[in-house]
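None of the figures in this text is laboratory data; all of them are computed from the coordinates on show. All figures in this text were calculated on a predicted structure; none of them were measured in a lab. Cβ placement follows ideal geometry from the backbone for every residue including glycine, while neighbour counts extend to all protein chains displayed.
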Amino acid sequence: MFEKLLKLAQMEEEEKKAAAPEKKDEAPAAGDETAEEKTAPAPGNGNGARGLKETTEVIEALTMVTVFLTKRLKDGIGADDAMALMEKLTTDEEFVNVIARAADGISEIPAELSDLDFEESLTLGILGLGFIKEVVGALKEDG
């Protein structure tokens, strides 16, 4: 279902681009903006120019950490859980790399979120649902 919504959003974007009139290569008059300047997306106005790279990386890291903690803490918290986390942080290279990537660009998230377009909003919703699915799956797992 979400794939259909995402596809619909992409089709709408393509229709907008196709409907936009294209100007021929004209030399700009003195003081006029160039064609690139007129069509370049301005960050922060909801056109998706910034993307979601950093936000996506943080959601992936939060999902991974939350699933790990959910599995460990289902039976209550103990010293063994702290030891398991320390072991995970020292031996699981993928776990550490995902967290490091998320931490590297975390300061960019407010700018990315202030510039969401429709497709990016859907993407965030899908990532949120994926987070819930993973956590619920971890809760349902035995042992």
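Things worth noting here:
- Each peptide among 66-79, 99-112 gets the average number of other Cβ atoms lying within 10 Å of its residues, and from highest to lowest they stand as 99-112, 66-79.
- Between the residues ALA84, ALA103, LEU124, the greatest Cα displacement towards the positive end of the dipole of the stretch 52-142, with unit charges on the Cβ of Lys, Arg, Asp and Glu, is found for ALA84.
- Among the lysines of the stretch 52-142, pairs that are 8 or more positions apart or on different chains and have alpha carbons within less than 24 Å of each other number 9.
- Once both labels are positioned 7 Å from their Cα atoms along Cα-to-Cβ, the gap between SER107 and LEU129 label points is 3.5 nm.
- If you look at the Cα atoms of the stretch 52-142, you get an Rg and a Dmax of 14.9, 45 Å.
- Extending 7 Å from the Cα toward the beta-carbon at both THR90 and LYS53 defines two label points whose distance is 3.4 nm.
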